[in-house]
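Everything on this sheet refers to the single structure shown next.
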Amino acid sequence: MKAARYITSMTLFITAVAISRPVAAQIDLEAALADSTGHAREAVEATFKTTRIINSQSPETIHKRELDFKVDHRFGDIAGANGGAKNFFGLDNSTDIKIGFEYGITDDLNVGIARAKGATHVAQLYEVNMKYRMLRQTVDGKVPFSIAGYGSLTIPGVQADEQNDGEATSYRQFSDRLNFVGQLIIARKFGPALSLAVHPTYIRRNTTADYDGQDNLFAVGIGGRLKVSRRMALVMDYFLPFRSPASKERYAEATTALYNPLGIGLEVETGGHVFNLNFTNATAIQEMQYIPETTSSWTKGQFRWGFTISRRFSL
């Protein structure tokens, strides 16, 4: 059983990498991106400004031989029982911190590594990821969408709980630590100001607590960007995980209720830097945590200030 789970996770990750180019090849890009004169059609630029929206991925990739250094930070609750002035409205606490690098193998293929604190007892997260942009929207509308595929493999470094079975950290072998995320990002820029994206997502966690019980989880997300000035834009994203009612009830009885992650923010571009100042009820940054395990509610004041800083270097 354990071996099968290991093989399943690795197969899914390798498949995500392997099929991206054949899938793209099935679409005759040379024909799709050429007009009647044979010239390449002009691609739509800057559907989103960075490779992430807030919590979610964008369809954007960085250019070949570019290195993108990214820092994500989530503070504590602004209000509610754990917020307020006593914790300086969450600034005294940090629920999650992530530092990572992404590198452009080509203009359409990026690979990355990252290290995150982790927002639950499943902590000390190491991640490798890949994004491949399969299709780009064109100015003439002949290609109406941009489509990218994203995959990540996350491994917790936290010490295994060897005393208790049925816990999220009751790892008995290395394969129990593997977590896989596979995602399509389908996006369209509707004009100079508005961009929208949809994120069908699959998450595989090889170990979950007994009260969680959903090793395989499907979700769908939406994201948007509304430009309000030359260098500023409003951004948002939201995810709906498809959990079974029984799983929700077990989770609520054992710990607390689950909520859908919602983020809203302001994106500011300053030269080579892009700052994303945001508010979200998600305590975690990694997809394998914030999509299935957000336990904070906006209506209870359990949202937090966060930020993302992105700096690109040309190599």
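Points worth noting:
- The chain: angle of helix 2-26 to the longest principal axis, Cα-based, in degrees nearest 10: 10 degrees
- Contact order relative to length of the chain, as percent, for alpha carbon pairs under 8 angstrom and 6 or more apart: 19 percent
- Distance between the pseudo-spin-label points of D161 and F307 (7 Å out from Cα toward the beta carbon): 3.5 nm.
- Candidates P200, P144, P245: whichever shows maximal mean-square fluctuation once the chain is modelled as a Gaussian network with Cα springs under 10 Å: P245
- Mean shadow area of the stretch 143-232 over all directions, Cα convex hull, nm²: 8.3 nm²
- Note on R230 and S244: the model spin-label points, each 7 Å out from Cα along the C-beta direction, lie 5.7 nm apart.
- Once the Cα atoms are used to define both axes, helix 245-254 deviates from the longest principal axis of the chain by about 50 degrees.
- Gain on full stretching of the segment that runs from F88 to Y211 - 0.36 nm per residue minus C-alpha separation: 40.9 nm
- The peptide list 130-137, 264-271, 150-157, put in order of mean Cβ contacts within 10 Å with the highest first, becomes 130-137, 150-157, 264-271.
- Projecting the alpha carbon convex hull of the chain along each direction and taking the average yields 17.5 nm².
- Charge tally around R304: other residues with Cβ under 9 Å, Lys/Arg +1 each, Asp/Glu -1 each, net 0.
- In plain terms, the chain from E66 to A43 could stretch by 6.3 nm, reckoned as 0.36 nm per residue minus the Cα-Cα distance.
- The stretch 164-195 and the stretch 49-128 have Cα centres separated by 13 Å.
- Sum of side-chain charges, A254 neighbourhood, beta-carbon under 10 Å (Lys, Arg +1; Asp, Glu -1): -3
- For the stretch 97-195, convex hull volume per residue from C-alpha positions, Å³: 135 Å³
- Compactness of the stretch 52-158 - radius of gyration and Dmax, Cα, Å: 17.6, 56
Throughout, read-outs are computed from the coordinates displayed, never taken from laboratory work. These figures come from a predicted structure and were not determined experimentally. A quick note on method: Cβ atoms are made from the backbone with ideal geometry, for glycine too, and the neighbour counts reach across all protein chains shown.
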